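Take a look at the structure below.
The values are calculated or read from the model by the stated rules, or taken from the named source; none is laboratory data. If you're wondering where the values come from, they're calculated on a predicted model, not measured in any experiment. Backbone-built Cβ (ideal geometry, glycine too); neighbour counts: all protein chains shown.
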Amino acid sequence: MYRWVSISRLQKKQLVSSFSNTATHHQKPNLPSPPPIRVSLTESAGRGVFATRRIEAGQLIHTAKPLLTHPSLSTPNSVCYFCLRRITANSSPHQLLFCSQDCKHNSKIFYDVESRADWSAFHDYCRSQGLKYPLLAKRLACMIISGAASADFIDILQPESLSSEMISQMDEGFGLLRNAFTKADITDEQMTYRLYQLSLTLQVLSRQWYASVLSRFRINAFRIELAGGLYEELLSLAAASIEAEIAVGNAVYMLPSFYNHDCDPNTHIVWIENADARLKALRDVEEGEELRICYIDVSMGRDARQALLAQGFGFRCNCPRCLSGD
Ligand SMILES: [Zn+2]
Ligand SMILES: [Zn+2]
């Protein structure tokens, strides 16, 4: 069941960097030991993440770098194109895209592809229909066209099964995405090779590819809300509207996607300053115990949770809290 062999080079690099403590352990003996987790099959919910030793409440279990990100279109202030860090209002306008030279450098190759196309129609479509997963598909397409990711980059993630009706609802988005690429400005000489790649890639980026990646984003993408936002910004958001969009964007991860759901979870994910995920224990966890996160708002009532999990994630929750009727 573990298709680790299909992990692309970039994913490997990211997996290693998310486990960088492990990689440098022998050089810096004072660093923490490897993450106390293993991924294995559960009795009923496919694969899951298990504790390999006792973990105390509040402990950081591991961190994870995103495989891909996309900023929210309605974020009140600018966030970094790559890591979703908030960019302060006093940055000059031309620095509004990236929080740092590192982020600029790390996304240069696919940002270059993205910036050649006119995304206004595609963004209007996403904005007017409140869609976020097509944006992740756009980012992934740019990564594939630029060579930053392989075509099977996120195949390791579990897909949601889609009805043919759901797939035909995606046609408009797919048409707009493809249209943006085919009309992309590729007058630059350096883009000649990219154009060749693009013509090859467009054969890969089919309607079927689009449905396949959306089916994975639908159940694996995380909505990123930063806990370490600027205080003044939080105040102005609260004053502006209680409906204000507080998510800075969406992101997809590998390891965090292997965590199963529980309405009374023992683990949670926090984002402090950017899309780097931190998995923390909410209570003491025994060795061998499965680590679970809550996919939805824990404060909702049982019926609302059941409906949302069935609709959004396609399963009926049988966790102890649901079974107790709470
Ligand atoms: Zn950044
Ligand atoms: Zn439940």
- Could you run through region 73-82 and say how many residues are of a type outside the set (V, I, T) and surrounded by fewer than 21 Cβ atoms within 10 Å (Cβ to Cβ)? 5
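Conditions tested, residue by residue: (1) over 24 Å from L67 (Cβ atoms); (2) part of a strand (DSSP E or B).
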site: C263; (1), (2): yes, no
site: V270; (1), (2): no, yes
site: N274; (1), (2): no, no
site: K280; (1), (2): no, yes
site: G288; (1), (2): yes, no
site: L291; (1), (2): no, yes
site: Y295; (1), (2): no, no
site: D303; (1), (2): yes, no
site: Q306; (1), (2): yes, no
- Item | Of the criteria (1) away from ligand 1 (no atom under 16 Å from the Cβ); (2) surrounded by fewer than 20 Cβ atoms within 10 Å (Cβ to Cβ), which one C263 fails | (2)
- Item | Single match in E273, E287 (criterion: in contact with a Lys or Arg (Cβ under 6 Å, 6 or more places away or on another chain) and within 16 Å of ligand 1 (Cβ to nearest atom)) | E273
- Query: Do any helices (runs of 4 or more DSSP H) entirely within region 64-151 hold 3 or more residues that are on the phi < 0 side of the Ramachandran plot, modelled with pLDDT of 90 or more and of a type in the set (G, A, S), and if so, which?
  - Reply: 120-129
- Applying the selection to region 310-322, what residues are near ligand 2 (Cβ under 7 Å from one of its atoms) and closer than 17 Å to Q158 by Cβ? C317
- Query: Name the pairs: first residue in region 306-326 and over 14 Å from Y295 (Cβ atoms) and without any contact (Cβ under 8 Å) to a residue 24 or more places away in the chain, second residue among the hydroxyl-bearing types (S, T, Y) and more than 8 Å from ligand 2 (Cβ to nearest atom), Cβ to Cβ under 7 Å, at least 6 apart or on different chains?
  - Reply: none
- Can we say T201 is more than 26 Å from the chain's Cα centre (by Cα) and at pLDDT 65 or above? no
- Query: Give me the pairs: first residue in region 257-274 and without any contact (Cβ under 8 Å) to a residue 60 or more places away in the chain and among the acidic types (D, E), second residue part of a loop (DSSP other than H, G, I, E, B) and away from ligand 2 (no atom under 15 Å from the Cβ), beta-carbon distance under 9 Å, and six or more apart or on different chains, which are they?
  - Reply: none
- Please verify whether region 295-302 includes one or more residues that are closer than 29 Å to T52 by Cα and within 16 Å of ligand 1 (Cβ to nearest atom). no
- Note on the structure: Only one of (1) modelled with pLDDT of 95 or more; (2) closer than 30 Å to L282 by Cα; (3) surrounded by 12 or more Cβ atoms within 10 Å (Cβ to Cβ) does not apply to A57, and that is (3)
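Listed here are the residues, each with its yes/no results for (1) within 26 Å of I61 (Cα to Cα); (2) touching a Cys at 6+ places or on another chain (Cβ under 7 Å); (3) buried (at least 20 other Cβ atoms within 10 Å of the Cβ).
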site: A247; (1), (2), (3): yes, no, no
site: K280; (1), (2), (3): yes, no, no
site: D284; (1), (2), (3): yes, no, no
site: R292; (1), (2), (3): yes, no, yes
site: Q311; (1), (2), (3): no, no, no
